[in-house]
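Computed from the coordinates by the stated procedures, all read-outs in this text should not be read as laboratory data. Quick caveat, the model's predicted, so the values are computed rather than measured. We place every Cβ from the backbone using ideal geometry, glycine too, and count neighbours over all the protein chains shown.
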Amino acid sequence: METEDPYALAALANIDIALYPFSISTLILLLVFFILLFFSALVSGSEVAYFSLRPSDLQDLKEKASKRSRIVLRLYDIPERLLGTILVANNFINVGIVIISTLFFVYEPTSEPLAFSIIDFSRTPVFGFIFQVILVTFFLLLFGEILPKIYATHYAVRFSLVMSYPLFFIEKVLRPVSSVLIFSTSIVRKRLIKKKLNISMDDLSDALDLPSTEIEEDEKILKGIVQFGNIDVKEIMKSRVDVFAIEIKTPFRNLLPQIIDSGYSRIPIFEKSFDNIRGILYIKDLLPHLHKPDSFKWQSLIRPPHFVPETKKINDMLEEFQSKKIHMAVVVDEYGGTHGIVTLEDILEEIVGEITDESDEDEAVYTKLDDSTYLFKGKTLLNDFYKITDSKYDIFDEIKGDADTLAGLILEIKGRIPKKNETIKYGNFAFMIVSADNRRINKIKVTIPDTLSDGRDNFKKK
């Protein structure tokens, strides 16, 4: 190698460095440098590609059922191991890039430079260090991180498929190292991070109960969402005694007046007893047949009923309504008897509040007499009672048993139908029977102090 006057090459720039001509060794090492940079780009892009896969992308990969797609799904199934493999591989490659880059520069005076040296910074080592850091960092960030990750973000599936075989092989090779890292991370997580920031639904509910003068309507919706997964269908259904239904043998001439009087768009159809629901009549199915004679067999229009247990959670019920594309279900008890009906509107009202349309009658289930006194109908659902009185949803859990309504709660407390004007106390609540007969409690006056307290310790069941 010619090195008689290497500093003369940099004289024009007035920089005290030496530039050496390229040799075959230098070219080979440069080729290795750019190959490693290319590998770094592929591995870095893989991290973004795999962790950017959406549920729809994963479903498409399952449907393809190709070997590459199966490998992608297999790698994706264990994200900790995949991430560990990618990080270990990327760090090994980047360390190799840094080591190779240092061989191109000389920082100490030597009698003879290395065969693949390019620049001699022995007279200005500080400048050489800054130059190398900036140059190598620029190449690593631009070509090894930024560009591949931008591309992988837009073409996640394509990038994942391309890197499926290489990552599968790398994962096998680096499994011992990545396993140690994963194990070490789990120890750190368990030993050092003892308290996690976990907010339960109860914590969120308590936070929403804190005094606030703003966004009251939004808070009501949030409270509905918080309680959504804890509510059974029986807590929001319309009881069988309040359900309008039609006997299946009703003549066609008598059917239309009943439908018009009811104002409903979907009506349960039963045979002999309400416990024997045969189907649901959609009024829109009946419209094309209004001109038919009295002999028309309208029973052929009823749709099959959908039965659900009374203990089904309403969030699951909502998913079922969406998947089956229906709006009404028949609620049955443990013995198979009809307990009532639940509709999509009933479920949505648990979040957004009461939904009314132009055909709904303004039939309030309660009247507010003053700030602490309400007059409720006995059939008022406990779930509605909590919302109306702004009480906690679990305030009667110790005593309500299987009761779903306010009247049912009174029966659980007394064990019998109380007499008119009789007062029942539970904690700071006072329930006075305004109207009752030998079969049911019709109206209840409830007195609630300004400061609610469940007062369960003061209660003795009679």
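A simple spin-label model places the labels of residue 129 and residue 417 9.4 nm from each other, with each point 7 Å out along Cα-to-Cβ. Using 0.36 nm per residue and subtracting the Cα-Cα separation, the extra length available between residue 322 and residue 139 on full extension is 60.7 nm. Cβ-to-Cβ counts within 10 Å put 278, 74 in ascending order as 74, 278, the fewest first. When the listed pairs 325/377; 234/443; 64/312 are checked against a 27 Å cut-off, the alpha-carbon distance exceeds it for 325/377; 64/312. Packing here is the average count of other Cβ atoms within 10 Å per residue, and on that basis the peptides 93-102, 53-62, highest first, run 93-102, 53-62. Once the C-beta distance of residue 241 and residue 158 is scaled by a Förster radius of 51 Å, the resulting FRET efficiency is 0.25 to the nearest 0.05. Ranked by how many other Cβ atoms sit within 10 Å of their own Cβ, fewest first, the residues 331, 32, 157 fall in the order 32, 157, 331. Once you list every other residue whose beta carbon is under 15 Å from the beta carbon of residue 321, what net charge do they have if Lys and Arg are +1 and Asp and Glu are -1? Within the 15 Å Cβ shell, the charges total -1.
The modelled label-to-label distance between residue 258 and residue 394, using points 7 Å beyond Cα along the C-beta direction, is 4.5 nm. This ranking places 306, 154 by how few other beta-carbon atoms lie within 10 Å of each, fewest first, which gives 154, 306.
Which net charge results when you count Lys and Arg as +1 and Asp and Glu as -1 among the other residues whose beta-carbon is under 15 Å from that of residue 295? Once all neighbours under 15 Å are counted, the net charge is +3. Count Lys and Arg as plus one, Asp and Glu as minus one, and take only other residues whose Cβ is under 13 Å from that of residue 256; the net charge is then 0.
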